[in-house]
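The values are calculated or read from the model by the stated rules, or taken from the named source; none is laboratory data. Everything quoted here is computed from the prediction, not taken from an experiment. Cβ coordinates were reconstructed from backbone atoms using ideal geometry, including for glycine residues, and neighbour counts include every protein chain displayed.
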Amino acid sequence: MSNLIDFLKKYFHNILLVILLLLSFILIFNNSHYSRFKLKTIENSIVSPIYKSWNNLLYYFDLRKENDHLKGQNLLLLKQLSSNFVINTDSIYSQNTPNLQGKSVRIFDYISANVIYNSINKTHNYIIIDKGYDDSIQVDMAVFSPEGVLGIVNDVSAHFATVMSVLHPNTMINAKLMPAAQVGTVSWEGGDPDHVYLSYIPQHTEVNIGDTVFTSGYSNIFPKDILIGFVNDIDKKSNDSFIKIKIKLSVDFSNLNSVFVVKSIYKEEIDQLKANFINE
């Protein structure tokens, strides 16, 4: 496609000139003012719209090319975040001098994708993205946008994947309330596509409207510090051990485009260890 666009960009004016010359030969059957007027009229009625459509087409492809470039840059920056790494510190003995050498180990990687389907007004809402197992997408991968958390992959085909949205009653996300640094669980209670609830925050916790909720990093699906939303309402009941906190989502789920899928590199290894937990 890009080769075709480059070719048309290079030779468009020459092609247009040939069309005009052909029109000239057809119309100029004498030197009358009427013929020249007719030629000018045809030029305005045919050539001008062609120029306009051509310029619109170039603008569209230039924007798309720029958008793809920006997505690539965002993906590159995302992969460089410190939250994608852990430091493996090994004790090394060298030349009779003890030395500690830190080595960064990548634990998360990312795949960019686009949303091709999304629902927000159903009891169980899903998203479909244009990447599948041919692109290394797997079940239980986390999905988020530049604005925040979106959901978790729950089914995959060769070229597409479905995502169980945050707006799904079975989606549970381990979250951290800041600045209190308390960990709880975010879930959706249906109806309102703009709000979720943060549960299991102790009653004694100091919470204020506008406090921020991020992923905690305590799961092997989501990296830490991905934005979820902001405290919108606080329900403290005297006979309850926990506060129920209403969260305004940072993502506008009615307008989803580019997304990132999280590849947890050591997920299988961690899952095997967790499988040995007794009465978790």
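Structure values in brief
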quantity	calculated
Selection from the stretch 117-171 of residues that are of a type in the set (S, T, Y), crowded, with 19+ Cβ neighbours inside 10 Å and in a loop (DSSP other than H, G, I, E, B)	T171
Close pairs (8 angstrom Cβ cut-off, 6 or more residues apart or separate chains): within 14 Å of S112 (Cα to Cα) and not assigned by TED's automatic domain parsing to the domain that holds N257 in the stretch 144-160, surrounded by fewer than 20 Cβ atoms within 10 Å (Cβ to Cβ) and among the acidic types (D, E) anywhere	none
Any hit, the stretch 101-109, residues being buried (at least 17 other Cβ atoms within 10 Å of the Cβ), modelled with pLDDT under 95 and under 26 Å from Y266 (Cα atoms)	yes
Residue in the stretch 237-244 that is in contact with a Phe, Trp or Tyr (Cβ under 7 Å, 6 or more places away or on another chain), within 22 Å of M178 (Cβ to Cβ), modelled with pLDDT of 85 or more and not in a strand (DSSP E or B) present	no
Within the stretch 249-272, tally of residues that are within 10 Å of the chain's Cα centre (by Cα) and assigned to a strand (DSSP E or B)	4
Residue satisfying all of: in the stretch 184-211; out of contact with any Lys or Arg (no Cβ under 9 Å at 6 or more places or on another chain) and either of a type in the set (S, T, Y) or assigned to a strand (DSSP E or B) (or both); surrounded by the fewest Cβ atoms within 10 Å (Cβ to Cβ) among these	P202
Residues being crowded, with 18+ Cβ neighbours inside 10 Å and part of a strand (DSSP E or B) - total across the stretch 212-224	3
So L256, is it free of Cβ contacts under 8 Å to residues at least 60 places away in the same chain, within 30 Å of I128 (Cα to Cα) and in the same structural domain as A180 (by TED's automatic domain parsing)	no
Flag for I201 being assigned by TED's automatic domain parsing to the domain that holds F253, of a type in the set (A, V, I, L, M) and more than 19 Å from the chain's Cα centre (by Cα)	yes
Residues of the stretch 247-266 classified as out of contact with any Leu (no Cβ under 8 Å at 6 or more places or on another chain) and of a type in the set (A, V, I, L, M), total	4
